[in-house]
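One structure below.
The values are calculated or read from the model by the stated rules, or taken from the named source; none is laboratory data. As the structure is a computational prediction, the values presented were derived from the model and not from experiment. Cβ coordinates were reconstructed from backbone atoms using ideal geometry, including for glycine residues, and neighbour counts include every protein chain displayed. For the accessible areas, the whole protein counts, side chains as well, though only heavy atoms, and no ligand, DNA or RNA atoms are used. Shrake-Rupley method; radii C 1.70, N 1.55, O 1.52, S 1.80 Å.
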Amino acid sequence: MSIIPESKTRQVQTLNELSKRKVVEHNSLITSIAKMDKTPLKMFELAVSLIDTENPPKDQIVYLSKQELFAFFNVDDSNKHSRFKEAIEKMQKQAFFKIKKAKEKGYEFESIVPIPYVKWADYHDEVTIRFSPEIMPYLINLKTNFTQHALSEISELNSKYAIILYRWLSMNYNQYEHYSVKGGRRQEQVESYRNPIITIRELRDTTDTVSEYKKFTDFERRVLKDPIKEITNHTSFNVTYEKVKKGRSIESIVFHITKKQVADDISYKLDDPVYIDGKIRQEESEKDLVYEAMKSPYTKLLMEHFLLSYIDLTDTAILSGLQKNVYPLYDELKELRGLKGVK
């Protein structure tokens with residue numbers, strides 16, 4: 001039971017809401033170099049999830065329950081308070097983000113200590129966390145180029161590289177979901193978001209391993225194989241990867257991301273107006289596709305050749321898929337060879 005003062009309780013999330021919490025960050029923060037180990041990075045993500053993006057704190061302060069923090073880190077041993085203190089001190093002394101921005105004349109770099117002030121006491125549950133004003137533009141008023149993911153998925157990851165990769169993969173898959181619904185990109189561009197590519201140099205920069213794991217076998221095991229296995233086992237993503245060679249050297253990595261349908265929990269998105277609007281538009285678009293498919297001469301043609309049954313006509317997924325993906329190809333074939341060519 002939290003003993004946080006009543007005046008502050010509206011800013012504190014309860015333990016049973018932990019699984020519904022979301023983290024929203026600008027993509028520049030996702031692609032930045034996180035100069036910290038897994039514990040400060042997870043603590044930062046937990047703190048970010050406390051920010052109400054619709055009503056951000058004017059003083060950059062959020063309030064955290066120690067009970068919630070221990071639950072998030074799954075800590076229940078006798079020295080949890082000393083470990084908490086150690087993690088806080090490490091975060092403030094060692095942790096910062098190095099952000100790289102492309103400008104007209106070159107690149108601009110920012111080094112930001114995200115949480116410079118933390119206050120707590122050993123006699124009550126409250127932890128006061130104040131973000132730096134420099135980090136806030138990357139966490140609030142985000143209209144474009146931002147990523148959101150479920151906090152509960154981060155809590156299951158136990159290596160720094162798994163967390164960094166998960167955030168980067170989420171950024172790409174979010175864009176895949178966005179443009180799949182909204183349009184505005186060619187199909188190959190949309191597909192590239194769920195099959196993103198990154199050079200080894202970029203990957204080393206992002207994971208802060210430029211000077212570590214000089215042997216590629218060591219680098220692959222620590223930064224790719226083990227983290228990808230962890231992400232696949234503990235999040236809603238199934239991830240595989242391929243190595244792309246240039247000559248004898250590995251130049252880049254292509255990831256392949258799919259979503260686990262059963263484990264896909266989108267509850268953290270249900271209050272997101274963009275997501276809700278996208279779902280409505282997607283449903284309306286599917287209805288239009290089904291209607292067009294029912295009127296299409298190609299549907300009649302497929303039925304005449306026993307490639308579609310009357311049962312298939314009741315399946316909206318089949319009809320909308322035909323209208324969206326197959327019938328446009330039939331139109332191209334018809335232009336070249338006429339209807340007989342389609343038959």
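A few notes on this one:
- Selection status of GLY341, open to solvent by less than 40 Å² (accessible area, probe 1.4 Å) and within 19 Å of VAL181 (Cβ to Cβ): no
- LYS42 vs. criteria basic (Lys, Arg) and buried (at least 16 other Cβ atoms within 10 Å of the Cβ): yes
- Screening segment 21-68 for strands (runs of 3 or more DSSP E) wholly inside it with 1 or more residues that are over 19 Å from ALA162 (Cβ atoms) returns the ranges 22-26, 61-65.
- Positions within segment 233-256 being at pLDDT 95 or above and either of a type in the set (Ser, Thr, Tyr) or not assigned by the TED database to the domain that holds ALA162 (or both), in sequence order: THR240, TYR241, SER252
- Just so you know, in segment 135-151 the residues that are among the polar types (S, T, N, Q) and open to solvent by 40 Å² or more (accessible area, probe 1.4 Å) include one that is farthest from ALA95 (Cα to Cα), and it is THR144.
- Looking across segment 162-203 at every residue that is crowded, with 17+ Cβ neighbours inside 10 Å and of a type in the set (Lys, Arg), the one that is modelled with the lowest pLDDT is identified as ARG194.
- Residue list for segment 108-130, filter: of a type in the set (Lys, Arg) and either free of Cβ contacts under 8 Å to residues at least 12 places away in the same chain or open to solvent by less than 80 Å² (accessible area, probe 1.4 Å) (or both): LYS119
- Filter result (under 13 Å from ALA47 (Cβ atoms), β-branched (Val, Ile, Thr) and open to solvent by less than 10 Å² (accessible area, probe 1.4 Å)) within segment 59-106: VAL62, ILE88
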